[in-house]
Every structure is written in C-alpha cells, then in structure tokens.
Amino acid sequence: MYECAACVTCNKVEPLMFTQCLEDMTVNCAARVKLTCELSKPRLSVQWKKDGRLLYVDNDRLSTDCNGRLHQLVIKQVDLDDAGEYTAVYNHLFTAATLTVLSESCNVQCSAHSRL
C-alpha cells in the first residue's frame, strides 16, 4: 500500500499598512518639523503631498528620509505658507495630518527682525 503525504508550508503574509500614522502638529514659525510615519514593510517609497498636491522636495528647506520602514518629511524652518494638510501615500494607502503654524509667533519674529 502506498501513502502520499504532502507537507505544505504556508508563509503568513503580513498585510501592508501604515503601522505609525502621521500626527497633527502645531508649531511656531522657524521651528524644525519632522512628519513621521511607518509602513509595515521595509524598503518601500512613499510620496509626500501637501494639500492634495505632490510635494517636490527640491530645495534646502525640505528633505525626506527613509530608514527601513520609517519615513520622514523634514521642514527645516517652518513659515506660514507651510501650514496645511500633509499626506504620505504608498499605492492606495495613505496617512494624513494637519500642520498648523502659529501666526503670532511669525509676527513676533518679523517684528524682532525689523528692529535689528
């Protein structure tokens, strides 16, 4: 009599998702801001958007970083124009947060600079 036995190994497939979402922030003018999120899988690239438009990181104030699963958008010196909704997107997945810049802190800094 013959027996047939099959050994099936099932690899558990982890769902792709954001394991750390962006968080709303309120900051003063000229602050350094790091918007941080994390995907469940490493070595993937997210796209960054501001107010629904693709963000081009092509200047000295903005930079992005990806370290394994962690993704960051860094704004070196925030000003009022940086306020808005920021979104990190990978395929159909996204996480979003609102960046609020305190206008009073910008006015104080402008006044201090104008006195110099």
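What is the gain in length, in nm to one decimal, between ASN67 and MET17 on full extension, counting 0.36 nm per residue of separation less the C-alpha to C-alpha distance?
16.4 nm
To make sure I understand the rule: partners must be lysines, Cα under 26 Å from the Cα of LYS12, and not fewer than 8 residues away in the same chain. Which ones qualify?
LYS41
Taken together, the values in this text are just the output of simple stated rules run on the coordinates, not laboratory data. Quick caveat: nothing in here was measured; it's all calculated off a predicted structure.
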